[in-house]
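Data first, discussion second: the structure below is written as structure tokens.
The values are calculated or read from the model by the stated rules, or taken from the named source; none is laboratory data. A quick note: this is a predicted structure, and the numbers were derived from the prediction, not measured. When we count neighbours, we look across all protein chains shown, and the Cβ atoms used for this are built from the backbone with ideal geometry, even at glycine. Surface accessibility is based on the protein's heavy atoms, side chains included, excluding ligands, DNA and RNA. Shrake-Rupley method; radii C 1.70, N 1.55, O 1.52, S 1.80 Å.
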Amino acid sequence: MARPEPPTAILCHNDLCAIGALKAALARGLQVPGDMSITGFDDIEFAAQITPGLTTIRQPILQIGETAATLLIRWLEEGTPPPALVRLPVELVVRESTAAPQEGRDGQQG
């Protein structure tokens, strides 16, 4: 963020990190989402309560736990090892911390 031309977006690996990035951006006088978009991952309850509301990815927490338990039980009871990869659907929750990039100094988007 300290660069002469800071990034137009930051994607954080979790909502707590994104909230920290949001706080740092605002402390530097950057407008979120005007100057920079910030997103998180997890959709913790606090993500909707902060200003601006945090755009995030919602994970199916209950389904993750159920799937892990089912795979573990099957492994223990049947000897069937779990697959190397299990994909579960996620949901983009758009709030106020993101917007399309503004036009840059060179006339280009982003």
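Some observations on this one:
- Close Cβ contacts (under 6 Å, 6 or more residues apart or on different chains) running from residues in the stretch 37-53 that are among the acidic types (Asp, Glu) to residues that are in a helix (DSSP H, G or I) comprise Asp42/Asp15.
- The number of residues in the stretch 1-26 that are part of a strand (DSSP E or B) and either on the phi > 0 side of the Ramachandran plot or open to solvent by less than 50 Å² (accessible area, probe 1.4 Å) (or both) comes to 1.
- Scan of the stretch 57-82 for residues that are assigned to a helix (DSSP H, G or I) and exposed (fewer than 10 other Cβ atoms within 10 Å of the Cβ), ordered by number: Leu62, Leu76, Glu77, Glu78
- Candidate set from the stretch 27-56 (those that are open to solvent by less than 80 Å² (accessible area, probe 1.4 Å) and outside any loop (DSSP other than H, G, I, E, B)); member that is nearest to Gln102 (Cα to Cα): Ser37
- Test: residue in the stretch 40-48 that is small (Gly, Ala, Ser), modelled with pLDDT of 95 or more and more than 16 Å from Glu91 (Cα to Cα): no
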